[in-house]
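*Asks:* Before we start, here is the structure in question, set down as structure tokens.
Computed from the coordinates by the stated procedures, all read-outs in this text should not be read as laboratory data. Every value quoted in this text rests on a predicted model; they were computed, and no experiment measured them. Here the Cβ positions follow ideal geometry from the backbone for every residue, glycine too, while neighbour counts run over all protein chains shown.
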Amino acid sequence: MPDFSEYLVRGKRGHLIGIGGVSMSPLAEVLSDAGLIISGSDIAESERTSHLREKGIVISIGHDAANITSDIDFVVRTAAAHDENPEIVRAHELGIPVMERAEAWGHIMRDYDNVVCLSGTHGKTTSTSMMTMMTIEAQMEPTVMVGSNLPAIGGTLRIGGKGCFVAESCEYTNSFLRFAPTVSVILNVEEDHLDFFKDINDIIHSFHEFAELTPMNGLVVVNHDDPNAMRAVAHIDRRIRTFGTTPDADVYPTEVRDENGYYRFTVNIDGKEYAKVALSVPGRHNMLNALACCAAAEFLGVSGEAAEKGLNKFTGSSRRFQLVGKMPNGATVVDDYAHHPSEMKATLSTAKEMHFDRILCAFQPHTYTRTKALFSEFVDALKQCDQAILAPIYAAREQNTIGIYSSDIAKEVPGAVSFDTFDEIADYLRKNAGPNDLVLTMGAGNINCIGPKLCVDAK
């Protein structure tokens, strides 16, 4: 495979397979902005494809060998595009280089002075968004790639200067091992993506390799409270800065106050006060996310004042404990992307701190392999709510060869029910949610479509 950097030249032609994806669409925009001629394909129209069309990018709906012409210099594939994809097959026939999305991003990152890559089993999107707000306040003009819509940048991409790149970095298929961090952040390390990784040791090894990508003059930021994260950075010859809830960490909070689920605290770095933070996103886990970002920000030279302004202005990302609205009877509807048991427990713990009468959680499991591998953990997490309502498993890239169903989870959670459609779930919630209840739709699939159906003021 030739070095992708040779294609980062104005006038080169690139074709992106799966161009509407959450990481592919910003890639298309960055390449187009750099003067390359970009085309692409996807299986369906979306807001992202419409946005790219407005920028002059030619997009085909459906994957067809005819989309790959001999004048194309390179092809970038999303992880969801298999070798049998007709466009990939045609590119190989024509001798056109085909590269992974992460590889393309990695080469782009090498053109920046500082690259902050935020990784972890969960919390990546929120932390990347926090880091974005802090670097903007510090007038660093960051380029940003984040996995969910961030209102402050009007989407998932911000094209800034060459001084700083802030990037959400996912471990699935070892994608983040293609990146080029100067600051590597490891928020947490848990079992996930077991359709790719063999076990937790395999995952820890992947994060270890990620940390070793950091140059000798860079920084690795890691969660002191997470034993697996600390195992991931064991015996690496890099500068390490830990964050956590106690003074045993390099970055830790004092004067912590929980105000109805929203945390107020002072950030201390190496025993010195750095910033006073009043978060507008709820949950103890977001305090940890903020501490991680402060550890990275201080290393980059962000002042405490800019850090606290950025954190205090952050009001959340799309689908991260996002207020949808109120039901006609007054029940509050919130949507959250949590789809791993640890994420679910953190979100439900946050909800329990907010003094609702009951928490009704409509949950959509994500992938059959994850549901089977973490079955007991899903059951334990859902026992934290007052009632669980299960939606069918979101298949994503999988077929149900395992023979597992959401109803299997419902049988193990006292009082839980399961339904075959979102309409049935919406009807059930209309009949059963009380005026001071929280209705929480949760999952990485399309369960977020339920909330607007319930609310008179959906946002």
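*Asks:* Between Rg and the Kirkwood Rh of the chain, both from Cα atoms, what is the Rg to Rh ratio?
*Replies:* Numbers: Rg = 22.1 Å, Rh = 22.9 Å.
Ratio value, two decimals: 0.96.
*Asks:* Go from 0 up to the bin containing the longest alpha carbon distance in segment 289-355, width 10 Å each, and give me the % of pairs per bin.
*Replies:* In whole percents, the pair-distance histogram is 17, 36, 31, 14, 3.
*Asks:* Over segment 48-123, with a single point scatterer placed on each C-alpha, what log10 of the ratio I(q)/I(0) does the Debye formula yield at q = 0.27 1/Å?
*Replies:* -1.27
*Asks:* What does the extension gain come out to for Asp427 and Arg397, with contour length at 0.36 nm per residue minus their alpha carbon separation?
*Replies:* Numbers: separation 30, 0.36 × 30 = 10.80 nm, distance 2.89 nm.
Going from the current span to full extension adds 7.9 nm.
*Asks:* Can you sort Thr49, Thr173, Thr401, Thr125 from fewest to most other Cβ atoms within 10 Å of each residue's own Cβ? Present the calculation step by step, with values, prior to reporting the outcome.
*Replies:* On the way: Thr49 21, Thr173 17, Thr401 8, Thr125 24.
Ordered from fewest to most neighbouring Cβ atoms within 10 Å, Thr49, Thr173, Thr401, Thr125 come out as Thr401, Thr173, Thr49, Thr125.
*Asks:* Taking Cα atoms of segment 374-459, Rg/Rh with Kirkwood Rh, to two decimals?
*Replies:* Details: Rg = 13.4 Å, Rh = 14.0 Å.
Rg/Rh: 0.96.
*Asks:* Just to confirm the filter: which GluC sites (Glu not before Pro) across segment 66-115 are DSSP coil and have at most 11 other Cβ within 10 angstrom of their Cβ?
*Replies:* On the way: sites: Glu84, Glu87, Glu93, Glu100, Glu103; in loops: Glu84.
Those that pass, being in a loop and sparsely packed, are Glu84.
*Asks:* Report, as a whole number in µm² per second, the diffusion coefficient that Stokes-Einstein gives for segment 4-99 at 4 °C and 1.567 mPa s using the Kirkwood radius over alpha carbon pairs. Spell out each step's value before the answer.
*Replies:* On the way: Rh = 13.0 Å.
Stokes-Einstein gives a translational diffusion coefficient of 100 µm²/s.
*Asks:* Provide the percentage of antiparallel DSSP beta bridges, counting only those with both residues in the chain; round to the nearest 5. Before the final figure, lay out each step's value.
*Replies:* Numbers: 20 of 74 bridges.
DSSP beta bridges in the chain are roughly 25 percent antiparallel.
*Asks:* Measuring from label point to label point, each 7 Å out along Cα→Cβ, what is the Asp71 to Ala234 span in nm?
*Replies:* About 5.7 nm, to one decimal.
*Asks:* How about the chain: what cysteines have no other cysteine beta carbon under 4.7 Å from their own?
*Replies:* Result for the chain is Cys117, Cys164, Cys170, Cys293, Cys294, Cys449, Cys455, no neighbouring Cys Cβ within the cutoff.
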